[in-house]
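Every number here is computed from the coordinates shown, using simple stated rules; none is lab data. Quantities reported herein were computed from a predicted structural model and do not represent experimental measurements. Cβ atoms come from the backbone with ideal geometry, glycine included; neighbour counts cover every protein chain shown.
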Amino acid sequence: MAQNTETDTFLESNQSPKVKIVENGNGDAEDGESRKSRLACTWKCGLISGGIILVLVVAVLGMGYYRYVSKLTGKATSENSAEWEEKLSGNANLGNDSDITGMYELVSFDDTYDSYLLAMGTPSFVLSFVKMSSEVLTIVAPSNLESGTWKYHLKTDTRQDDWDFRLNEEFSIPWGRNKGFLHQICHMNSPSELQCDKEERKRGWKITSIRSFSDQGFIESLNFTSAQVATKKYYEKTSKAKLKAKKEDIAKDPDAPFSSNTDQDDDFWEDSW
């Protein structure tokens, strides 16, 4: 009777263990250790590349932010709003076009200005940029305030707008970056007070703007009735020469290196206003 035998095979001392062979994506044979090493290298290389790209993106965004902010020349804050309220509240008995006609620079706003901007759809992260921008409004009032054509020219660090209107006649101007139109009708409450009732019909907004003029500037009282938010902005009467001198002072500021060359912005002042 045949006896079943089982033979155990052992490796001799001078033999190496067998290594499992696998194929890589290219169809070439490689052992397990090589494959692990290759995968580890791929993962590390990818992580390093991703980190470098992230650093570059942050650097580009940071430079863009710094360059943009360095171009913003507005100095208006809410800290001195009480002073400007007192200074501009005095009514100088204005009564003709020469009293109102002029250039006006935004110098302050009250503590509720943020709430007003948010109600207008301004993203919260943009608020600081809006408040850091300069704002100059040039008004040319007609010799006959009631029947003539008023001319407005608004200039900020980032845009310019012009519009004409007659009192008691509806007109419209774009708001934001062409987000819509504000339909307005303006009238004089007194020789020194101009009221404009505004409506954004698609959004159902109703806003009242009252500009109270004095010999030193004007106060704009804004009442966003549909959002139940009211705020005030304060404008000082200025001149082209004063604004240009202020801009040159800003350009000399060592903390604003990207604003050091004013030659390229000379056309800012070369207009008919």
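Of note:
- Of the listed requirements (1) over 25 Å from Met132 (Cβ atoms); (2) not in a loop (DSSP other than H, G, I, E, B), Lys202 misses just one: (2).
- The set of residues in the range 101-138 being farther than 21 Å from Leu88 by Cα and of a type in the set (A, V, I, L, M) consists of Leu117, Leu118, Ala119, Met120, Val126, Leu127, Val130, Met132.
- Evaluated against (1) in contact (Cβ under 8 Å) with a residue 60 or more places away in the chain; (2) farther than 30 Å from Lys244 by Cα, Arg201 falls short on exactly one condition, (1).
- Restricting the range 124-181 to residues that are of a type in the set (Lys, Arg) and in contact (Cβ under 8 Å) with a residue 40 or more places away in the chain, the residue that is surrounded by the fewest Cβ atoms within 10 Å (Cβ to Cβ): Lys179
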